[in-house]
1. Restricting to the range 231-252, name every residue that is outside any strand (DSSP E or B) and either at pLDDT 85 or above or small (Gly, Ala, Ser) (or both).
2. Among the residues of the range 184-204, how many are more than 15 Å from PRO114 (Cβ to Cβ) and in contact with a strand residue (DSSP E or B) (Cβ under 7 Å, 6 or more places away or on another chain)?
3. Condition first: touching a residue at least 40 places away in the same chain (Cβ under 8 Å) and surrounded by fewer than 18 Cβ atoms within 10 Å (Cβ to Cβ). Can you find one or more residues in the range 561-571 that meet it?
4. Is it true that some residue in the range 544-556 is surrounded by 15 or more Cβ atoms within 10 Å (Cβ to Cβ), touching a Ser or Thr at 6+ places or on another chain (Cβ under 7 Å) and either at pLDDT 75 or above or closer than 30 Å to ASP615 by Cα (or both)?
5. Quick check on the range 444-467. Is at least one of its residues polar (S, T, N, Q) and more than 23 Å from MET389 (Cα to Cα)?
6. Yes or no: the range 470-477 includes at least one residue that is modelled with pLDDT of 85 or more and of a type in the set (Ser, Thr, Tyr).
7. Six or more apart or on different chains, Cβ atoms under 7 Å: show the pairs whose first residue is in the range 111-132 and surrounded by 12 or more Cβ atoms within 10 Å (Cβ to Cβ) and whose second is part of a helix (DSSP H, G or I).
8. With the checklist (1) at pLDDT 85 or above; (2) closer than 30 Å to THR125 by Cβ; (3) assigned to a loop (DSSP other than H, G, I, E, B); (4) of a type in the set (Ser, Thr, Tyr) in hand, flag the one item TYR168 doesn't pass.
Amino acid sequence: MNLRKLLIIGLSLIIILISSITLLIEIIYPPHRIKSFVLDEISRQTNRKVTIDEVGFTIWGGLGVEVNRVVISDRPSFSDNGPFILLDRFILRVQIWPLLNRELVIDELVFDQPEISILFGPDGTANFSDLMLSDTTSVSTPSSVEPSNPPLSIELSSIRIENGVIRYFDAQSDLHLELRDIDNQLALSLDPSSLLTVDGNLLVNEFMLQGPAGDVNWRFQLSYRSEIDPTTQTMTIESIGIQLVEFNLQLAGKIMAYDTERPIMDLTFVSKDLSIEKSLASLPPELLTNIAEYNGEGSLTIDGNVQGPFGPGSMPDLYAQINLADGRLETPELPVPFTNLSAHIEIKNNRAELHSFSAQAGLSDFSLSGGYENLFGKDPARPSINFEMHAVNLNLDELLPPVEDDAPVPFEALPDLTIRGQGTFDKVIYQGLELTDTKFSVSIEDQKIFISNLSADAYGGQLTGSISQDLTDLIHPQIGIDIKINEVKADAILSPLLPVKDILTGSISTNVSGFSELDSIGNPIINALSLLGALSIDRGQISNWPPLQELASWINIPEVKSIDFDQLTGGIQIKDGRIQSDHLQLIGPSTEWIASGSSGIDGSMDYQVQLTLSDMISNKLGNAFPGNSLAMFKDQIGRMGVHFRLGGTITDPSFSWNTSAVKKQVKERVGGLAKTLIAENKNNILGQSSLSTTDTDSLKQQATAVIDSLKSEMSGVKDEAKSRIKSLFKRN
């Protein structure tokens, strides 16, 4: 018999032997008995109803078991949501011959299309909580007798999960998480010394999250390789790689005493360069609608370590570094893109330190540093932030353009933090004002914001003071102001409030204090603004103002087209949406003005004005007034005084004759002249040593004639003056 025939006979005998053994096993353990055993055992362990479609057994290619369509029901209170576990197919294949050497070699362990549902009801009860109850009926007692058999060696060549699904739903938070298309490839080996080695890769192709904040759909991947030594209770992690969308993290190190209440951790972690551009692009619009249109560039790296015990009452030491470089951020929410973003952050346990943060935005550039205490809230003390901010140029008009949407936006409570900081800005532009060398301190605590030690150079002078904001009442938040202005150019500081640009110049000094409620976008409500202060403008000029030009044209005196003044003083009060003043006084070489009244933020005016002209200008008016009528408007030193009302707006003024004030002025002047005339005649009379009856009658007749003449002249003066003033000041 040749060798070929021997091989054929040998193979035939092996096939017959394997077939016989398979047949014998199927006779001794038919599928229905195996199925019944599996059902009874799973039902006993889970206390759930279990169904299995089919069970198969084979020794071809190794000892194998295949179970089809396994369904484990859910708790009755969750039964409307489908089964607890659904497994389409389970395959276990073990090599036969290594068993003779006490070696368990599993060639294949497959979970095909498993589906697991993890649910929490409205009361917080989980659908698996009954499975977590401890079994008090059986207590295992460690045996003091060493096993006589040598340890078993286990090698699991392939554990596969194919097309798995995990569903999670929390009724309390309305959070729905679903992991779909799960593929896991795992290799496992256990040597005789009980050293377990695990090497595998997990891929979740669809990571879907649904909740109140929106929906997200990500891709998750986990690769791992580690060794577990139960004799020393040490887990050695050679590498764990985590990738979620564009975020990736590499983890390595050891976990010692892992089977105790306080395992000891010695781990390091590092991320590769994280692309901000790709990360933002991967965020679904449904997750964060307010940043759905963000565009970004730059790279982010994270590295650090975790060391120490972890458990009840103890946390390991944490150290991490976060670095941002070459960043750029652009979104419709920002009027200009932020460029050259860079940052270096250190985290040490419960404190975060921002060593440097810098950015450019349009014409602005700024840097920030500071710290965050009680980062994870482990201490009973309130978390606190301290910072220092510096800017070479900060254009707030560019960064914070006017809000066009008038829809009310309610204020929100400030976070429960304590914030302290300082700022220094070389140049700041806000609402058209340009400030230099600006410094301030800020504190935020108990829903109140305080900006103190504020100082800034502005237009040849300086601003100092403080500002506070109270958000205790979110419906009616308030702002407090205490500002002092010293020798600042008047047109520059007042132009944002009043249309006085190119009209008023001078050096303004004032101190203003008060408060106001804020509107929905944080601006003071004008009608609720209440401020009180004193105003002084030195060495100034009023020019290019239509009222002065009209006045100069009528009296034919060009000098009145502009008013040079030495000082403008008075008390001011902002109330009911208007700037009010009882006595504004302007003193110049040619004129003196006294005004009482108010002006609106919109430029409207309502003033009573007393204008006093110098004696030189008053004398030039002689041709415009006949006879002695001009004398009715002159004071004792020869200066002409005029009373009128000023209304309209700063750019379109209107005038009206202040009848009551002029009547009072003429009456007082006529009375004065009459007294003077009577006094002069009285002196003449008293100068005569004796008077006869004839002389007395003559004197009475003379006095009567003088008084009648004076009355006649005064009547003419009054009519003429009224006519002249009417033509000078237009009635409304």
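1. Once the filter is applied, which keeps residues that are outside any strand (DSSP E or B) and either at pLDDT 85 or above or small (Gly, Ala, Ser) (or both), the range 231-252 yields THR231, THR232, GLN233.
2. Total satisfying the criteria: 13.
3. Looking for residues that are touching a residue at least 40 places away in the same chain (Cβ under 8 Å) and surrounded by fewer than 18 Cβ atoms within 10 Å (Cβ to Cβ), one finds none in the range 561-571, hence no.
4. Checking the range 544-556: at least one residue is surrounded by 15 or more Cβ atoms within 10 Å (Cβ to Cβ), touching a Ser or Thr at 6+ places or on another chain (Cβ under 7 Å) and either at pLDDT 75 or above or closer than 30 Å to ASP615 by Cα (or both).
5. No - not one qualifying residue is present in the range 444-467.
6. No: zero hits.
7. SER117/ASN81; LEU119/PHE78; LEU119/ASN81; GLY121/SER77; ASN127/PHE78; LEU131/THR46
8. Unmet for TYR168, out of (1) at pLDDT 85 or above; (2) closer than 30 Å to THR125 by Cβ; (3) assigned to a loop (DSSP other than H, G, I, E, B); (4) of a type in the set (Ser, Thr, Tyr): (3).
The values are calculated or read from the model by the stated rules, or taken from the named source; none is laboratory data. Just so we're clear, the structure is a prediction, and the values are computed from it rather than from any experiment. In this analysis, Cβ positions are derived from the backbone assuming ideal geometry, glycine residues included, and neighbour counts consider all displayed protein chains.
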